């Protein structure tokens, strides 16, 4: 069920697309179902922001091998109506014809584990028409309460918050919108659902009382961990869920050999992979499809999104990188900024206050300080002095390109405070003197220089200071 | 009561002026009283650092509409003496003449909520001469214990830590220096207070036993949340209070539609306002009177103090800004530094390792990399290349100003590695070639260039390397 | 006992050398023993990575005054075997000859406090042959369980996890590898130890049943804090231990007068010292032997390793420094980078995006923006403009040095965008014009300039834009 608007999210994005752990919250439950029930036919009930949800799911590389269908719920008439839409769809017909049990899960509960899905979807005993998941919570406000005959007797019905009496409101065992149904019972019962209640909605929870009235048996699975069942309804709950998901991810990685110096201050998205013997300093944020190779060090406050870091590389404090590749034993930062499409070779060095953008840096090349390298290819063993700038934009468009390309071949020595005006090529082994603005290609092994000879005026500084000379 | 020295703070600043949540701790209780008891006459009892406290309160824009008076306690002779000073002041006379109940609150309890103040200040029953706030705590050490007749009987007296017997020390119900008094009872009782105790102090707590001795009735309000009553006595407690205040602030904002990716690592001062649909990344520190417009994104580790951020702006990782204004949909950072009096226009871009200081940046203007723009006005649609510097200081003072002004008009294209020596004006649409040091004004639509032609010496690099040429 | 491999650490470093709180975990217990039992002869039992462990301990400046010996355990045959190796060593002979009680502690429990060591090592009653430390834990899995006669009767034996029956596994009182032994009993019992168990190891825990069988008395010390006894076996436990150590350190400092704005996000290594009235902002990481002087401010995300900060200095956001010294009231950052061997004088200013390396900066000197100062000595009251670069490397080696030295004497004014090509000296009071590349020494009070005169071409910018001129 992923059709809700999520008004309390205060956002134009559909609720289930809000991210926790770097994934839309809907994706967490899809991942869990994928691993717990491989191959099962899954219907995603969409409504608000339908196209956005479909596009997001279709666009994620994790789900193409899932048996997924989208079912549209045009009006939001309650959970019972949502499931009815699914059962009346092509997907529903297939399920009924094969008599497959129907697992109903909310799309906004990203903490559900595979163990829960497996237990909830396990075969029912003969005679049971449904299995109901419940949980004891400290504060049951807002949940459907489980009304039982006596204190521990069989379940009678689920009472929604706005239908509950003061006494019922004190019940702490609640329903959490997760069920398993026999398809025939589900179909028949949905047909009989009524919306004669305060909210004029069709409640899926009413199927419990239907089963009771028709003397059908209900299996109850009372889950031990309320945290796992947590739904996300506002940004506060989203942030709590994100913290819990992050804690799980970090613990799993740490047990497998990743050293987090302070786990409390580190964020690792769900899809990130880190090899063993990696050290991650506090404040690191590892996002998207980032991959970290064995023995690498990720310094404090490093932010990596969709970055591949080679084994033994050292990414120092405050480095920010996106959609880039960093070679083995490369040294990056502190405070380097790798914009998309940067490739740094093995044992290369990118130092402090250096910006790369669409730049390929050869092995053992050094860009150690305060430089901007954009739209450029640097060879191997190149030494780039401090204050270097690729002038990749001159305000004009050439051959349809706004930005022009710089090529620096192997073994070039570039002095400090040099600018090269693209398009340009600096040949292998060339030497560019400090302080030069280079506008023409430099042949291999040449020296290029473009600066003015120094003039010194003795005593003139005194004059500038207004002192007697 | 805000007269204490706070020796355990290890600081020359009076205790109540130490900050938590970006406000002096005294201000929190003032804010709470302001909203819970609007218009009530408030006396702030000051002693140590009196002038500092008065100046701070008078200087805060939140309190001018409060009915505030300062009462001086010249010597620190105990809480009873402090209240006596207040009652003997002009404020006290007015209170007595109007027979207003007197609420006594400590100035160092920043977590007190409006709900507590409202309940404590609610009208007393006829016959009650005072209301006493108590609380059960896990570790009562240091608090005045509530001695009762029997276990749950009426209160007999409050026993200070250093007067308590071993048995009394085990009592976990404690007093927390918050009371409501009938003014007549208060006045009469204060006159009878004695300092015959270990510390030679006048204890306000003794009013309880006075009431008991004279068979007056005491109402006891036992508060549920010990955390809310927490006093601050050393920097450790200050930091704990700050965490709790921050947690409250974040939760309140999140429920209203602000997305904190990881609330644990984010700090938002009490006076900051954030609109809905804003995303705040971990490590952000939002201080002072900062305002964030709808839909903006505040990246990881961004530090903003007294900054206004327009709707839809994107402030990227590590940006630090103070007393500045950022326009709608502007892009700032990562690692930009906006010093005071910077104004960035709508859709402008300030990129990595760029420093602004007293700089106005026009709409759609771009200063994308490694630049310093100080004492400058930039027009709209200006393009500033990498490595740009406003040379605003030449070691001399002109017309009384140490720093000189740079003006760059609309649509200027500034190449990379340019410096402009202020005072200077670059006219509309002018073009400055890369690598130029500009010392004279440039007319509109002109090209300015100040660099040396490149000379290339074939094979010379080999010589430099000591290879056979 | 520090001989274990620590396979679950997924690392080539021996387990006890992994760091928590900036110290190898072994060092924590050594520090604790040093202060609780000054002068006691200590044997460190080493095995895996023996040389590394010995070198680390010998190399630490905290331990030279300890009475330390290393005992080699060549094969890892269990805890009993480890202690046997120690008793058979020269250290063991001395201990036996002096009849000193033998305290056995694991090397991987960094949270043990001095109070615990003192109680565990306190004199035993006559007749007791050993003292056993136990603790109640929530999850006893993996620990040796304390089997007693009846529920609270005397201890019978310790049952290792893999030898325990289902019933024994439910016991929550566990042993934690900490003991005190009479040396004669220890020696005699070790001789009788057998390895006839599932793991073919000699268990020290078997000494309990030996004592019971021979009707010797065992003293049991049941410790109240399980957290303190925590062992480190994988990177997750290492990170938990590090958090707890950090929390202790911060609390101790805060009570003594250090203000941590948010203690949750701050890391201070065990050996760091901070004076009172210092403010530390969130995200600061203070490492190694860092010292912070009174009244200094450490801004958000500052990373200092082995740095001395003078009183009243202000280290602003994101500054990273290592092996450097910062003078009184100096202003550093935001985002300054001090590489090793930097010395910043009193009241000097190092601003944003400035890198120092082997640089000495005189008092009241300012390097305020985007500069690289390497292998340099700057005098007092020097003003360095934005974009300054010491060109300390020209690709050649001179007199065996790759990097050459720059000297800037007192009162020099260096304009913006200047480079000086080392080796070079700029004399006292000299003035260097903006945009100059300085290649020759500049005499005192001279003006040096090396730039091209500006040429302006009216209307030419229109041409560049392709507009009709």
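Could we say that residue C:150 is in a loop (DSSP other than H, G, I, E, B), more than 15 Å from residue C:83 (Cα to Cα), over 36 Å from the mean Cα position of the chain (by Cα) and modelled with pLDDT under 90 here? Break it down into steps so the answer makes sense when it comes.
On the way: in a loop (DSSP other than H, G, I, E, B): yes; more than 15 Å from residue C:83 (Cα to Cα): yes; over 36 Å from the mean Cα position of the chain (by Cα): yes; modelled with pLDDT under 90: yes.
Yes: the conditions hold for residue C:150.
Identify, from the list C:387, C:395, the residue that is at pLDDT 95 or above, at the interface with another protein chain (Cβ under 9 Å from one of its Cβ atoms), outside any strand (DSSP E or B) and farther than 29 Å from residue C:258 by Cβ. Show your work before the answer.
Working: C:395 fails: at pLDDT 95 or above.
Going through C:387, C:395 in turn, the sole match is C:387.
Regarding residue A:336, is this residue within 12 Å of chain C (Cβ to nearest Cβ) and more than 25 Å from residue A:276 (Cβ to Cβ)?
On the way: within 12 Å of chain C (Cβ to nearest Cβ): yes; more than 25 Å from residue A:276 (Cβ to Cβ): yes.
Answer is yes for this residue.
For residue A:381, work out the one condition from (1) part of a loop (DSSP other than H, G, I, E, B); (2) more than 10 Å from chain C (Cβ to nearest Cβ); (3) over 41 Å from the mean Cα position of the chain (by Cα) it doesn't fulfil.
Unmet for residue A:381, out of (1) part of a loop (DSSP other than H, G, I, E, B); (2) more than 10 Å from chain C (Cβ to nearest Cβ); (3) over 41 Å from the mean Cα position of the chain (by Cα): (3).
Got a sec? Which of B:234, B:219 is more than 18 Å from residue B:114 (Cβ to Cβ), touching a residue at least 24 places away in the same chain (Cβ under 8 Å), touching a helix residue (DSSP H, G or I) at 6+ places or on another chain (Cβ under 8 Å) and more than 14 Å from chain A (Cβ to nearest Cβ)? Talk me through it step by step, then tell me what you get.
Details: B:219 fails: touching a helix residue (DSSP H, G or I) at 6+ places or on another chain (Cβ under 8 Å).
Selected residue: B:234, the only one of B:234, B:219 that is more than 18 Å from residue B:114 (Cβ to Cβ), touching a residue at least 24 places away in the same chain (Cβ under 8 Å), touching a helix residue (DSSP H, G or I) at 6+ places or on another chain (Cβ under 8 Å) and more than 14 Å from chain A (Cβ to nearest Cβ).
Here is a list: A:354, A:373, A:344. Which entry is under 27 Å from the mean Cα position of the chain (by Cα), at pLDDT 95 or above and under 21 Å from residue C:391 (Cβ atoms)? Even if it seems obvious, please write down each step before you answer.
Details: A:373 fails: under 27 Å from the mean Cα position of the chain (by Cα); A:344 fails: under 21 Å from residue C:391 (Cβ atoms).
Of the residues listed, the single one that is under 27 Å from the mean Cα position of the chain (by Cα), at pLDDT 95 or above and under 21 Å from residue C:391 (Cβ atoms) is A:354.
Which of the residues spanning segment A:188-200 are in contact with a helix residue (DSSP H, G or I) (Cβ under 7 Å, 6 or more places away or on another chain) and not in a helix (DSSP H, G or I)?
Taking segment A:188-200 and keeping what is in contact with a helix residue (DSSP H, G or I) (Cβ under 7 Å, 6 or more places away or on another chain), we get A:189-190, A:192-193, A:197-199.
Scanning segment A:188-200 gives A:193, A:197, A:198, A:199.
When only residues in segment C:158-187 that are part of a strand (DSSP E or B) and either free of Cβ contacts under 8 Å to residues at least 12 places away in the same chain or in contact with a helix residue (DSSP H, G or I) (Cβ under 7 Å, 6 or more places away or on another chain) (or both) count, which is surrounded by the fewest Cβ atoms within 10 Å (Cβ to Cβ)? Working first, answer last.
Start the filter on segment C:158-187 by keeping residues that are part of a strand (DSSP E or B), which leaves C:158-159, C:173-181.
Going one step further and asking which of them are either free of Cβ contacts under 8 Å to residues at least 12 places away in the same chain or in contact with a helix residue (DSSP H, G or I) (Cβ under 7 Å, 6 or more places away or on another chain) (or both), we end up with C:158-159, C:176-178, C:180.
Details: C:158: 24, C:159: 22, C:176: 22, C:177: 20, C:178: 22, C:180: 24.
That would be C:177.
Select from segment A:423-432 the residues that are part of a loop (DSSP other than H, G, I, E, B) and either on the phi > 0 side of the Ramachandran plot or surrounded by fewer than 24 Cβ atoms within 10 Å (Cβ to Cβ) (or both) and list them in ascending order.
The initial filter retains those residues of segment A:423-432 that are part of a loop (DSSP other than H, G, I, E, B), namely A:423, A:427-430.
Matches in segment A:423-432: A:423, A:427, A:428, A:429.
Please work out which one of (1) within 14 Å of chain B (Cβ to nearest Cβ); (2) surrounded by 21 or more Cβ atoms within 10 Å (Cβ to Cβ); (3) in contact with a helix residue (DSSP H, G or I) (Cβ under 6 Å, 6 or more places away or on another chain) is the condition residue C:203 fails and give its number.
With (1) within 14 Å of chain B (Cβ to nearest Cβ); (2) surrounded by 21 or more Cβ atoms within 10 Å (Cβ to Cβ); (3) in contact with a helix residue (DSSP H, G or I) (Cβ under 6 Å, 6 or more places away or on another chain) applied to residue C:203, the lone miss is (1).
In segment B:433-462, what residues are in a strand (DSSP E or B) and facing chain C (nearest Cβ under 9 Å)? Reasoning before the result, please.
Start the filter on segment B:433-462 by keeping residues that are in a strand (DSSP E or B), which leaves B:437-438, B:442, B:447-449, B:455-457.
Of everything in segment B:433-462, those that are in a strand (DSSP E or B) and facing chain C (nearest Cβ under 9 Å) turn out to be B:437, B:438, B:442, B:447, B:448, B:449.
Give the residue that is farthest from the other protein chains (Cβ to nearest Cβ), with candidates limited to residues of segment C:398-420 that are modelled with pLDDT under 95 and in a strand (DSSP E or B).
The qualifying residue farthest from the other protein chains (Cβ to nearest Cβ) is C:401.
Could you please let me know if residue B:363 is more than 9 Å from every other protein chain (Cβ to nearest Cβ) and either in a strand (DSSP E or B) or crowded, with 24+ Cβ neighbours inside 10 Å (or both)? Reasoning before the result, please.
Working: more than 9 Å from every other protein chain (Cβ to nearest Cβ): yes; either in a strand (DSSP E or B) or crowded, with 24+ Cβ neighbours inside 10 Å (or both): no.
So residue B:363 does not fit the description; no.
Kindly provide the set of residues from segment A:340-357 that are part of a strand (DSSP E or B), within 14 Å of chain B (Cβ to nearest Cβ) and surrounded by fewer than 24 Cβ atoms within 10 Å (Cβ to Cβ), ordered by number.
Of all residues in segment A:340-357, those part of a strand (DSSP E or B) come to A:343-344, A:349-357.
In the following step, the residues that additionally are within 14 Å of chain B (Cβ to nearest Cβ) were identified as A:350-357.
Once the filter is applied, which keeps residues that are part of a strand (DSSP E or B), within 14 Å of chain B (Cβ to nearest Cβ) and surrounded by fewer than 24 Cβ atoms within 10 Å (Cβ to Cβ), segment A:340-357 yields only A:357.
Of the residues that sit in segment B:323-339 and are in a loop (DSSP other than H, G, I, E, B) and within 22 Å of the chain's Cα centre (by Cα), which one is nearest to residue B:271 (Cα to Cα)? Even if it seems obvious, please write down each step before you answer.
Restricting attention to segment B:323-339, the residues satisfying the condition of being in a loop (DSSP other than H, G, I, E, B) are B:323-324, B:327-330, B:333-336, B:339.
From what is left, the residues that are within 22 Å of the chain's Cα centre (by Cα) are B:323-324, B:339.
Values: B:323: 15, B:324: 17, B:339: 21 Å.
Residue satisfying both the conditions and the ranking: B:323.
Taking residue B:423 and the conditions (1) touching a strand residue (DSSP E or B) at 6+ places or on another chain (Cβ under 7 Å); (2) within 30 Å of residue C:352 (Cβ to Cβ); (3) more than 8 Å from chain C (Cβ to nearest Cβ), which numbered condition does it fall short on, given that it satisfies the others?
The failed condition is (1).
Going by the conditions given, is residue A:222 over 29 Å from residue A:5 (Cα atoms), at pLDDT below 95, touching a strand residue (DSSP E or B) at 6+ places or on another chain (Cβ under 6 Å) and surrounded by fewer than 19 Cβ atoms within 10 Å (Cβ to Cβ)? Quick ask: steps written out before the conclusion?
Details: over 29 Å from residue A:5 (Cα atoms): no; at pLDDT below 95: yes; touching a strand residue (DSSP E or B) at 6+ places or on another chain (Cβ under 6 Å): yes; surrounded by fewer than 19 Cβ atoms within 10 Å (Cβ to Cβ): yes.
The answer is no for residue A:222.
So, of the residues in segment A:244-262 that are surrounded by 19 or more Cβ atoms within 10 Å (Cβ to Cβ) and within 18 Å of the chain's Cα centre (by Cα), which turns out to be farthest from residue A:21 (Cα to Cα)? Don't jump to the end; show me each part of the working.
Filtering segment A:244-262 for residues surrounded by 19 or more Cβ atoms within 10 Å (Cβ to Cβ) gives A:245-246, A:249-250, A:253-254, A:257-262.
Filter once more, so that each one left must be within 18 Å of the chain's Cα centre (by Cα): A:245-246, A:249-250, A:253.
Details: A:245: 6, A:246: 6, A:249: 9, A:250: 11, A:253: 14 Å.
Filtering segment A:244-262 for residues that are surrounded by 19 or more Cβ atoms within 10 Å (Cβ to Cβ) and within 18 Å of the chain's Cα centre (by Cα), the one farthest from residue A:21 (Cα to Cα) comes out as A:253.
The values are calculated or read from the model by the stated rules, or taken from the named source; none is laboratory data. Please read these numbers as outputs of a predicted model, since none were measured by experiment. Cβ coordinates were reconstructed from backbone atoms using ideal geometry, including for glycine residues, and neighbour counts include every protein chain displayed.
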